[in-house]
Amino acid sequence: MSIEITVYASDIRGLDELIERAMDIKDYYGTALFDKHGRLIDINDYEYFIEPTSHLAVMMDMQQQIHELKKEVEKL
């Protein structure tokens, strides 16, 4: 038993750009995901639901923790 796979050049043309866009968070979620400094906003401030266990939600939570720690350091 054998399987024949055929790949045409037209199938992979633009693959690099497609992968790059897929890896760009703002391409999927939009620029509203970022504040004026280019940092992720608080997950509760984003207008759409983000699965709390997703990588993006974890990064947003970490960014919020950084913001809170900076505020504490400024108080000191």
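The values are calculated or read from the model by the stated rules, or taken from the named source; none is laboratory data. Because the structure is predicted, anything quoted here is derived from the model rather than measured. Virtual Cβ from ideal backbone geometry, glycine too; neighbours counted across all protein chains shown.
Applying a threshold of 8 Å to beta carbon distances and a minimum spacing of six or more residues, or different chains, the list of pairs starting in segment 57-76 at a residue that is within 13 Å of residue 39 (Cα to Cα) and free of Cβ contacts under 8 Å to residues at least 40 places away in the same chain and ending at one that is assigned to a helix (DSSP H, G or I) and among the charged types (D, E, K, R) is empty. For the chain, the helices (runs of 4 or more DSSP H) that sit wholly inside it and include 3 or more residues that are surrounded by 10 or more Cβ atoms within 10 Å (Cβ to Cβ) and modelled with pLDDT of 90 or more are 55-75.
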